[in-house]
Each structure stands twice: as structure tokens, then as C-alpha cells.
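First the structure, in the form of C-alpha cells, and then the observations on it.
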Amino acid sequence: MLVTGGAGFIGANFVRRMVPRRPDIDVTVVDSLNYAASRANLAPVEDRIEFAHGSIADAGLADRLVKDADIVVNFAAESHNDHSLADPRPFLESNVIGIWNLLEAARKHRTRLHHVSTDEVFGELSLDDPGRFDEQARYNPSSPYSATKASADLLVRAWARSFGVEATISNCSNNYGPLQHVEKFIPRQITNILLGVKPKLYGTGRNVRDWIHVDDHNAAVEAIIDRGRAGETYLIGAECEAANLTIVQTLLTIMGKPGDWFDFVPDRPGHDLRYAIDPSKIRGELGWRPRYRNLEEGLEATVAWYSGHRAAWEGAKAAAERRYEAIGR
Ligand code: NAD
Ligand code: TDX
């Protein structure tokens with residue numbers, strides 16, 4: 001199994017899940033080790049995997065690695081919306097050229113591919129819309145990040161239909177949990193509070209995200225690899241919608257701070273209002289169920305992880321906050 005982006009948040013959690021559970025599978029990780037990656041994320045399984053340092057935007061490298069694999073699981077991507085607004089080029093290179101290279105190699109070597117995508121490809125729902133995204137939702141991305149993820153999904157579908165590549169796609173909602181980079185919403189606020197800095201809410205704080213623990217996302221990806229049907233798309237979500245303000249107030253309660261101890265900062269341009277996933281298909285077809293159904297419980301575990309693993313994030317924190325300062329958020 002070739003796992004791309006396996007030194008990042010979700011990919012590293014996936015590799016750390018699969019290696020002990022599936023000793024029958026030889027895992028190779030390829031990662032370009034960008035600012036969000038860390039080799040230390042793979043330390044617990046380091047002696048049981050192969051690691052290749054390089055980019056999937058390098059067609060020759062992608063071809064060589066895919067040739068030796070039975071299945072590719074593609075987590076590699078530039079993943080932060082705010083960066084995509086400041087400098088879209090790396091998003092096009094990793095998220096579009098990268099998947100194109102993997103698809104060409106998968107076509108040539110007849111390798112199966114699972115592509116990990118996001119609910120952001122469907123754009124936003126309004127706050128009072130009773131609807132949620134399902135597998136028939138229209139593609140309508142808002143940011144350069146989500147436009148590159150949407151492009152990747154469409155390329156996967158085209159290579160499956162036109163060239164018979166055996167591919168599956170999953171579109172998951174917002175993840176949280178151990179190893180997430182401190183630039184992302186939940187770890188940014190937890191680490192701010194730990195350092196005595198107020199949480200920062202974009203705009204009104206009313207934007208809604210549908211949160212899922214990273215272990216539940218990866219259990220769903222494993223179910224698709226084991227039992228998913230080629231050519232199909234599966235949406236993954238734990239039905240845990242919450243406004244950003246509610247998340248901050250829950251963290252403040254867990255961490256013993258007053259409920260109004262936060263700052264509003266200028267909004268993200270083009271900020272999607274709400275995402276929500278209807279996970280009926282993956283529940284019904286593959287029998288997947290999330291383990292974390294209670295967001296407060298998942299956040300408590302995540303606060304405990306960041307409190308107990310300062311060395312994992314302290315270095316990245318200062319750099320991430322300098323980047324936020326430069327854009328006034
Ligand atoms: P992350 O930024 O923490 O990790 C991405 C990893 O990919 C990093 O290790 C990075 O070095 C690597 N990478 C980037 N470009 C590469 C390239 N060209 N070649 C090789 N490696 C490269 O992101 P994440 O949150 O772990 O997201 C993983 C995947 O899941 C992404 O495809 C993302 O779009 C998707 N996703 C994320 C979420 C979320 O909430 N974080 C939700 C749904 C889907
Ligand atoms: O400091 C902050 N304050 C704040 O209010 C940050 C960093 C974010 N926000 C808001 C913006 C969003 O409404 O919190 C919400 C979540 O923000 P992000 O963590 O940046 O995530 P989002 O933009 O929703 O995208 C995430 O989920 C889908 C991942 O970064 C993507 O990779 C994934 O595809």
C-alpha cells in the first residue's frame with residue numbers, strides 16, 4: 001500500500017492505525033514534508049514502513065512508487081484554505097498535478113486508487129437550510145483550496161470512466177484529533193488557551209462545520225478500501241454540526257476559562273457558511289459507524305492530547321501565528 005501525504009495529520013493517523021492492525025500489508029509512505037508534515041508523526045511505526053521523501057507532483061517518482069503498489073491511498077495535499085488565498089500555486093501543483101500523476105501511473109500499472117477528498121468541494125449550505133450534502137450534491141467550490149480538491153475529484157472520475165482506473169473517492173467533513181497542525185481551527189484555539197492567549201473567531205463565529213474525529217474518518221477509509229465498490233463516491237461525516245462560537249465556548253469550559261474569553265478577528269474572504277454531511281450511504285452500504293458521537297467527549301480527549309504533547313506543536317505554533325499576524329487574523 002502506497003500512502004501519500006502520510007506524514008501529515010490524517011495520513012499519519014491512518015498509517016499508525018493500519019500498521020499494527022494489518023501486518024499483512026507492506027506500507028510505503030511518500031511525503032514532500034511541507035510545513036504541515038512531521039517525520040515524528042510516524043515515529044511509532046518508523047521501523048515497519050518504507051519512507052520516500054518526495055512530491056507526487058514529480059511524475060517520475062509517482063510512477064516508480066505506484067508501480068510497486070497494489071493500492072494507493074492519496075492523502076497528499078496542500079490543506080489550508082487561508083494559505084490557498086495567499087498563494088494558490090502549491091495547491092495546483094500538489095492537489096491537481098499530483099493526482100494527475102497518480103492517475104496516469106495507476107492507469108499504466110493497473111493499480112487501485114482511493115482518493116481522500118473533502119466536503120468543501122460542494123460549496124456552502126445556508127445556516128437555516130435543513131439539507132445536507134449527499135453523493136448527488138452539486139460541485140460548487142468557493143476557495144482556491146476547494147477548487148483544486150474539486151478538480152482532483154473530477155479527474156479521478158474521468159480516469160475511472162474513460163480509462164477504467166479502479167478508483168474510489170471519499171468526501172469527509174472537518175476532522176479534529178491528535179497530530180493536527182496548530183494552524184487549524186480547533187488546535188489553534190486549544191494551544192492559544194494553553195499559552196494564555198484568547199481564541200480567535202473569524203467574522204461572527206456563526207459559521208457551522210460538521211466535526212468528525214480523525215480515527216472515525218480513517219475507519220471509514222479502511223472500510224472503503226476493504227469493501228467499497230470501484231467507481232463509487234462515499235461521503236463521510238459523524239453528524240456533529242456545531243457553530244465555531246459553540247466550539248470555542250466548549251473548549252473554554254473544558255479548559256476552565258470564562259465563556260466570553262475570546263476575540264473576534266476579521267473574516268476569511270469567501271468564508272463558507274456551513275457544511276453538513278448525510279452519511280447514509282456509507283452507513284448503509286459498508287456498515288461504518290463513528291465511535292465519537294459526542295463532540296464534547298472528543299474535544300476533551302483532544303485537549304488532553306495537546307496538553308500532554310507540547311513538544312509536538314510548540315515549534316510550529318510560533319511560525320503559524322506569525323503567518324496569521326501577517327494577514328490580520
Ligand atoms: P495536512 O496538511 O496535515 O497533511 C498533508 C500532507 O501531505 C503533509 O504531510 C504534506 O507534506 C503532504 N503533501 C503535500 N503536498 C504533497 C506532495 N505534492 N507530495 C507528497 N506529499 C505532499 O492535511 P490533512 O488535514 O492531514 O489532510 C489530508 C487529506 O485529507 C487532504 O487531501 C485533505 O484535503 C483531506 N481532508 C482533510 C480534512 C480536514 O479536516 N483536515 C477533511 C476532509 C478531507
Ligand atoms: O483561527 C481561526 N478562527 C476561526 O474562526 C481559524 C483557523 C478558523 N476559524 C474558522 C474558519 C472555519 O469556519 O473555523 C472553521 C474551521 O477552519 P479551518 O480549521 O481552517 O478549516 P476549514 O476551512 O473548514 O477546512 C478544513 O476542513 C475541510 C480543513 O482545513 C480542510 O483541509 C478540509 O478539507
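The values are calculated or read from the model by the stated rules, or taken from the named source; none is laboratory data. Note that this is a predicted model, so its numbers are computed, not measured. Backbone-built Cβ (ideal geometry, glycine too); neighbour counts: all protein chains shown.
Do you know which residues across region 1-54 are of a type in the set (Gly, Ala, Ser) and over 18 Å from the mean Cα position of the chain (by Cα)?
Residues satisfying the conditions are ALA40, ALA43, ALA52, GLY54.
Out of ARG268, ARG209, which single residue is touching a helix residue (DSSP H, G or I) at 6+ places or on another chain (Cβ under 9 Å), within 15 Å of ligand 2 (Cβ to nearest atom) and either within 24 Å of ARG17 (Cα to Cα) or assigned to a loop (DSSP other than H, G, I, E, B) (or both)?
ARG268
Would you be able to say whether some residue in region 112-134 is farther than 19 Å from ALA62 by Cβ and of a type in the set (Lys, Arg)?
yes
So if I check each of TYR234, TYR275, TYR324, which one is among the hydroxyl-bearing types (Ser, Thr, Tyr) and surrounded by fewer than 16 Cβ atoms within 10 Å (Cβ to Cβ)?
TYR324
Output the qualifying pairs, or none if there are none: Cβ atoms under 6 angstrom, residues six or more apart or on different chains, first residue in region 241-262 and farther than 15 Å from ASN294 by Cα, second residue part of a helix (DSSP H, G or I).
VAL248/GLN189; MET255/ILE193; GLY259/GLN249; GLY259/LEU252; TRP261/LEU252; PHE262/VAL248
Residue-by-condition table, conditions (1) β-branched (Val, Ile, Thr); (2) at positive phi; (3) more than 16 Å from ligand 2 (Cβ to nearest atom); (4) under 21 Å from the mean Cα position of the chain (by Cα):
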| site | (1), (2), (3), (4) |
| --- | --- |
| LEU252 | no, no, no, no |
| ASP263 | no, no, no, no |
| PRO279 | no, no, no, yes |
| GLY284 | no, no, yes, no |
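Could you check TYR202 against (1) near ligand 2 (Cβ under 9 Å from one of its atoms); (2) surrounded by fewer than 22 Cβ atoms within 10 Å (Cβ to Cβ); (3) under 13 Å from LYS317 (Cα atoms) and say which number it fails?
Single failed check for TYR202: (3).
Within region 1-54, can you find the residues that are within 19 Å of ALA105 (Cα to Cα) and among the aliphatic types (A, V, I, L, M)?
MET1, LEU2, VAL3, VAL27, VAL29, VAL30, ALA52
Can you tell which of ARG293, ARG289, ARG274 is basic (Lys, Arg) and without any contact (Cβ under 8 Å) to a residue 24 or more places away in the chain?
Testing whether each residue is basic (Lys, Arg) and without any contact (Cβ under 8 Å) to a residue 24 or more places away in the chain leaves just ARG289.
Just a yes or no: is a residue in region 175-187 touching a helix residue (DSSP H, G or I) at 6+ places or on another chain (Cβ under 7 Å), more than 16 Å from PHE9 (Cα to Cα) and in a loop (DSSP other than H, G, I, E, B)?
no
Being modelled with pLDDT of 95 or more, outside any helix (DSSP H, G or I) and out of contact with any Lys or Arg (no Cβ under 7 Å at 6 or more places or on another chain) narrows it down to one of GLY284, GLY256, so name that one.
GLY256
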